[in-house]
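Only one structure is covered here, and it is reproduced in the block below.
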Amino acid sequence: MVKIGIVGFQGDVQEHLEMFTRISGKGKNVQVQLIRKEVELDSVDGLVIPGGESTTIYKLIKEYNIYNRIKEKFKDGFPVMGTCAGLILLSKNTNDPRVEGLGLLDSEILRNGYGRQGESFIDDVNIKGIGNVKGVFIRAPVIKNVGNSSVLAYYRELPVMIYSRFALGMTFHPELTEDTRIHEMFMGMIGGEGYISSGEGIEVLGE
Ligand code: GLN
């Protein structure tokens, strides 16, 4: 059984929960714990930071000491996935003093980097090891620099999905589709089928 935590203050919490519910409906043994207290982090095998408003989520995880506990646990190989605002929170440099990134990904981010024109759009994104998924971009950040992270997908020449060690982040929202493959990939980072956790990050099988 894999137990996944979802930071449960704001944003696409319910949508992530539904993704794991779908996965469990396919016969995978997964449980979800909403994380609103530091101590709740100790009962889960991996964590999702949802899309939403990164300044709000940041404020709350700081206030409840979840921020520091995530950092500590990550040193011991605790897998974390962030979507959109979640990716901003995982990054080293957010270029915004209101959001101090956790630095679990070496990336540099520009919040709302697609600007007003491109505030929201949906288009196919081709992901290494998965294939095409529907990328839902909502006031998406731009990854200006991936640092030492590896890129799993580009969209129009910009990296949109990256990982390093046990952190996986993307600028779009897989939780707003019905496609569970990215969530299953994350479960694989924790130690599931299809992908294996090698201790070095995700090893993509079948390439
Ligand atoms: N623009 C938002 C932020 O910076 C992220 C958008 C999202 O998660 N859909 O927090």
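The values are calculated or read from the model by the stated rules, or taken from the named source; none is laboratory data. Since the structure is predicted, the reported quantities are computational estimates derived from the model, not experimental observations. FYI the Cβ positions are ideal-geometry reconstructions off the backbone, even for glycines, and counts take in every protein chain you see. We work out accessible area using only protein heavy atoms, side chains counted, and drop any ligands, DNA or RNA first. Shrake-Rupley method; radii C 1.70, N 1.55, O 1.52, S 1.80 Å.
What the table below lists for this structure:
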{"read-out": "Using θ = phi - 60° and Karplus 6.51 cos²θ - 1.76 cosθ + 1.60, couplings along segment 99-114 (whole Hz; Gly, Pro as x)", "value": "10, 8, x, 5, x, 7, 10, 7, 7, 10, 10, 10, 5, 6, x, 7"}
{"read-out": "For Phe74, solvent-accessible area (1.4 Å; no DNA, RNA or ligand), Å²", "value": "20"}
{"read-out": "Charge dipole (debye, nearest 20) of the chain; +1 at Cβ of Lys and Arg, -1 at Cβ of Asp and Glu", "value": "360"}
{"read-out": "Solvent-accessible area per residue, Å², over the chain with all protein chains present [probe radius 1.4 Å]", "value": "45"}
{"read-out": "Computed magnitude of the charge dipole of segment 109-182 (debye, nearest 20; Cβ of K, R +1, Cβ of D, E -1)", "value": "300"}
{"read-out": "Accessible-area composition of segment 68-161, carbon plus sulfur, in percent [1.4 Å probe]", "value": "42"}
{"read-out": "Structure-based [θ]222 nm, the chain - -39500 (n - 2.57) summed over DSSP H runs of at least 4, per residue, nearest 500", "value": "-7000 deg cm²/dmol"}
{"read-out": "When the convex hull of its Cα atoms is projected in every direction, mean area for segment 113-187 (nm²)", "value": "4.8"}
{"read-out": "Shape category assigned to segment 44-143 from the gyration tensor of Cα positions, a/c cut at 1.5", "value": "oblate"}
{"read-out": "Contact order normalised by residue count of the chain, Cα under 8 Å, 6+ apart, percent", "value": "17"}
{"read-out": "Tensor-based shape of segment 73-126 (alpha-carbon gyration tensor, a/c under 1.5 rounded, otherwise prolate or oblate)", "value": "oblate"}
{"read-out": "Equivalent ellipsoid semi-axes - Cα gyration tensor, the chain, angstrom", "value": "22, 21, 16"}
{"read-out": "Residue-by-residue Karplus 3J(HN,Hα) for segment 175-190, coefficients 6.51, -1.76, 1.60, Hz, glycine and proline x", "value": "5, 9, 10, 9, 8, 8, 4, 5, 5, 5, 4, 5, 4, x, 5, 6"}
